[in-house]
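Just below is one structure, and these are the notes that go with it.
The values are calculated or read from the model by the stated rules, or taken from the named source; none is laboratory data. These numbers come from a predicted model, not from an experiment. All Cβ positions, glycine included, derive from the backbone under ideal geometry; neighbour counts span all protein chains shown.
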Amino acid sequence: MKTLLLATSLALLPLAAHAQAPFDGARISQVAGFDGVPLNMVQKGEPGRPAVLFLHGYKQSYLSWSAQFGSDLAKRCHLVAYDLRGHGNSGQPWQAGAYDNSRPWADDMAAVIKASGLVKPLVVAWSFGGNVAMDFLRHHADVPIAGLVLVSSPAGLLTAPGSAPANAPRPPALDLAHGVAAAERSAQFVFGSGVEPALRVQLTAASMRVGPYLDSAMAVRGAGANADLLPALTALPLTLALGGRDPIVPTAVALKLRAALPGARVVEFPEAGHAMFAEADAAARFNAVLDELQCTGQR
């Protein structure tokens, strides 16, 4: 009987969660990216409104932006997010060449902008998403954007003395049990206690969808790979969103980033970690920054 009750309760969970899902009413579709790789894209809000394009972090998905898609931003902006190649429900090619250089990531982003009809979007790039934004600027500088928000992201702009050389091989984690345990530890490290438990479960599960080949294929893209793009950023409206308790971009790195980008607007979240946009106490303020920069600020 207990087994039957548990099974019945679990069967009802998706329905209960769906009733309050932040992506209710969103439009989910597939877009062909570089070399035809299918990209999972989600949109919310009316096309033609001021646009915001979200780029998630490494081993994450569009679910990272639940607090934004679940807010009232979509009443004033056209919100678009997608699963990066190799992530979430997007295609997962096995070849190293699908990940180890800037062109695929850049062309994927350009394809999403074109398919969703975005005109001068505000690009919000979290963690590794900042590297993707730099790839786009490198190869598609002719496509105008309204500005860039780097969220807890050095974006490959800073060198890291003492780090492994860019071409150092990184063996893939083929042990599935080890990978699951590592994903759970990583979620605690990346998201901290400020993220609601139910959302953290989703984000942890999303990270487990990433194949083990991705680590080794991307290891060649070392720190400082985008340092040559620093001059180009001076002409772009740039905002740095920094968490005061970020274990991945600690204070020393944040200070270097601010020094490298002296013209950037800095928005600090002293009590937040690496993903302040997903933390209950910081998400509303983060959303207000986006609202000011692109949604109400463009009217």
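Here Leu73 meets the list (1) farther than 24 Å from Ala227 by Cβ; (2) within 15 Å of the chain's Cα centre (by Cα) almost entirely, failing just condition (2).
Within region 133-151, residues that are at pLDDT 95 or above have Cβ atoms under 8 Å from residues that are of a type in the set (Phe, Trp, Tyr) and not in a loop (DSSP other than H, G, I, E, B) in these pairs: Asp135/Trp105; Phe136/Trp105; Val143/Phe136; Val151/Trp126; Val151/Phe277, counting only partners at least 6 apart in sequence or on another chain. Residues that are under 18 Å from Cys77 (Cβ atoms), in contact with a Gly (Cβ under 9 Å, 6 or more places away or on another chain) and part of a helix (DSSP H, G or I) are absent from region 117-124 altogether.
Residue count for region 185-202 under the criterion of being surrounded by 15 or more Cβ atoms within 10 Å (Cβ to Cβ), farther than 27 Å from Leu157 by Cβ and without any contact (Cβ under 8 Å) to a residue 24 or more places away in the chain: the result is 1.
In the set (1) surrounded by 18 or more Cβ atoms within 10 Å (Cβ to Cβ); (2) in contact with a strand residue (DSSP E or B) (Cβ under 9 Å, 6 or more places away or on another chain), the condition left unmet by Gly117 is number (1).
Can you find a residue that is of a type in the set (S, T, N, Q) and at pLDDT below 95 anywhere in region 244-263? Yes, some residue in region 244-263 is of a type in the set (S, T, N, Q) and at pLDDT below 95. Of the numbered criteria (1) modelled with pLDDT of 90 or more; (2) within 18 Å of the chain's Cα centre (by Cα), the one Gly192 fails is (1). Taking residues in region 269-293 that are under 16 Å from Ala254 (Cβ atoms), and partners anywhere that are at pLDDT below 95 and among the aromatic types (Phe, Trp, Tyr), the pairs with Cβ atoms closer than 9 Å and at least 6 places apart or on different chains are Gly273/Phe189; Gly273/Phe191; His274/Phe189; His274/Phe191; Ala275/Phe191.
Pick out the one residue from Tyr58, Tyr99, Tyr82 that is over 29 Å from Ala288 (Cα atoms), hydroxyl-bearing (Ser, Thr, Tyr) and in contact (Cβ under 8 Å) with a residue 40 or more places away in the chain. Working first, answer last.
Values: Tyr58 fails: over 29 Å from Ala288 (Cα atoms); Tyr82 fails: over 29 Å from Ala288 (Cα atoms).
Of Tyr58, Tyr99, Tyr82, the one residue that is over 29 Å from Ala288 (Cα atoms), hydroxyl-bearing (Ser, Thr, Tyr) and in contact (Cβ under 8 Å) with a residue 40 or more places away in the chain is Tyr99.
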